[in-house]
Structures are given as C-alpha cells and as structure tokens.
Amino acid sequence: MSAAEPPGAAVRLRLELSYDGTECAGWAVQPGLRTVAGVLTDALRTLLRHEVRVVVAGRTDAGVHADGQVAHVDADPAALAARAPRDRAGDGDPSAAGRLGMLRRLAGLLPADVRVRAVTAAPVGFDARFAALRRHYRYRIGTAEWGVAPADRHFVLARRRRLDIEAMTLAARALIGLHDFHAFCRPREGATTIRDLQALTVVRAGDEVHIDVTADAFCHSMVRALVGSLLVVGELRMPPERPGRLLAARERTSAFPVVPPHGLTLRRVDYPAAADLAGRSAQTRAVRELGPGGPSD
C-alpha cells in the first residue's frame, strides 16, 4: 500500500545533513541508482508514513560529499507528533518532541554514510533552495610525497607534487565576480551559466592545499573545473593569467581538467535573517523563471 500525501496544513522542517558521497550517484533521485535524496526520501517516507518531497540547497554531483547540506520537507503535524519518544511524552510542545523523535529514528533508519544532524521548525518563508544566499565548497588536494592518509583517501585528491600557491591565488583573483562561466560549466539546456563567484581562495594546510569556493549558486561541474584550472596553474603548466582569459572567451576548453569529485565537500549554506526569507525566495524564483536569462542550480 502506497503512502498517502500529507495534508494541506503541513509543518515545514529544516534538515541539516552530512554525507559521504563515495557510494552515491549524486544527490538527485535516479531510477536504479543509489542517491542521497533516494536514501533520505525512503527513510522519511517510512518514518512519517506519508509521501515526502525533499528540497535541497545544493544538488551535489556523484562522489561529492557534504558537511553542511540543508534541505526541507513538509510533514503532517499528527505524524510528526506521533514520533515523539516515550521519555518526552506529555511535553508541552508535541512538535518539538516529534522532531526529537524523528532525529533519533532517522539515526537508525539511515545508512552510516548519510546523517541528519538536526531537525528544526523552519521559519515562515523558508525554502532550502530558493532562500539560500550562497553555498560554500572546499576542495582538498594532498601534496605529500607519500600520498594521502588511508582515512582521507575518499576525501582528498592525491597530487604528489608541490603547488605554487602564489600563482594559483593570482589566477583565482581574475575569476571572482559576476561572470558567464560557460568555459567552466557543462551547460544544461535552457539554463544560464552566469554566476556570482564571491570567493575563491587557495591556502596551504600542512601536506594539503585547500581551495575554498563561494557563490550564489553553481552550474554543473563548475567548482571542479575551477579547481582544475588552478591546479594546472599551480603545477606551472599554465600561466596565471590564462584562466581569466578563458573565462572571458566563454568557450569550453581542454586546457585544464575537471578534477575528480571525491576531493569536494559542501561545507555550508548561508540564509538571510528570518524576516527576509520570503523576499529572498520570491526574488530567486522570479529570476529563475526567466528561463535562459536567469540563474539555475
């Protein structure tokens, strides 16, 4: 028997997620493939006993990880209250008790590589996707001669050579700002490649190099292409000014690789103050509904 749809007067819940994307074919549900959204949706459907639609801040690609992913779901208040643990029976706030029970039960229902770390009541106007201001990613590159620690092998790209951080930083500066990133994206039909790249920094951390990337949104493979261009610069196989020239040319190129996904982690998603959530969601929706002229994920 299939799960019923939630009633009209549903309560919106904000979920904070972490996952190891190694064994997942990305975030989005795909028939016959194991995905983060598929695993999470199945667990929520089992728990709440009604259909759920999980809306996420950033749809990560296959093999990409997350420490600070954010999603929302709309739940039946009665189904949520029924999940309250026995040690919270009689509490004055059945919704809060239900959220605690939901958090505890998800820990048992979900596989070890997907964790829901918090379940909270979403403020009025909250939309995990459309209300987001910016997404923060980090790409980790291991430069030690001996390689990468076994415990980090699924999260760090082994590149056993020293990188020129100054050259990479110089190249990164030319890419920051509002640009058409067609040269660094795999365009989807009807979607723009214009993005506001707000930060792109390169830092040495012991035997690793961290490339931190922040933007309002990202198009497909954009972060990994940006990292690939900086990596070639850091290895002194491309002059620092060339990534900026390729950006201006707005043409796909084979001058740099799209690095493997396993070194990439979504670290955080920023949202406006509660009073500004509805306005932000409406603004983002309006821009994206313009079609080819507006941003897309």
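The values are calculated or read from the model by the stated rules, or taken from the named source; none is laboratory data. A quick note: this is a predicted structure, and the numbers were derived from the prediction, not measured. Cβ atoms come from the backbone with ideal geometry, glycine included; neighbour counts cover every protein chain shown. When the accessible area is computed, the model is the full protein with side chains, heavy atoms only, and any ligands, DNA or RNA have been set aside. Shrake-Rupley method; radii C 1.70, N 1.55, O 1.52, S 1.80 Å.
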* Enumeration of residues in segment 214-271 that are β-branched (Val, Ile, Thr) and in a loop (DSSP other than H, G, I, E, B) -> Thr253, Val258, Val259
* Check whether at least one residue in segment 96-103 is under 19 Å from Val213 (Cα atoms), open to solvent by less than 40 Å² (accessible area, probe 1.4 Å) and in contact (Cβ under 8 Å) with a residue 12 or more places away in the chain, and report yes or no. => no
* Asked: Filtering segment 187-205 down to residues that are out of contact with any Gly (no Cβ under 8 Å at 6 or more places or on another chain) and modelled with pLDDT under 80, which residue is least open to solvent (accessible area, probe 1.4 Å)?
  -> Ala191
* Selection from segment 60-78 of residues that are aliphatic (A, V, I, L, M), more than 13 Å from Ser18 (Cα to Cα) and touching a Gly at 6+ places or on another chain (Cβ under 8 Å) -> Ala62
* Structure fact -> Residue set Leu17, Leu40; condition open to solvent by less than 70 Å² (accessible area, probe 1.4 Å), closer than 28 Å to Leu157 by Cα, in a helix (DSSP H, G or I) and of a type in the set (A, V, I, L, M, F, W, C); output residue Leu40
* Asked: If only one of Val73, Val119 is under 15 Å from Gly38 (Cα atoms) and surrounded by 20 or more Cβ atoms within 10 Å (Cβ to Cβ), which one is it?
  -> Val73
* Asked: Considering Ala28, Ala78, Ala9, which residue is farther than 24 Å from Ala121 by Cβ, open to solvent by 40 Å² or more (accessible area, probe 1.4 Å) and of a type outside the set (D, E, K, R)?
  -> Ala28
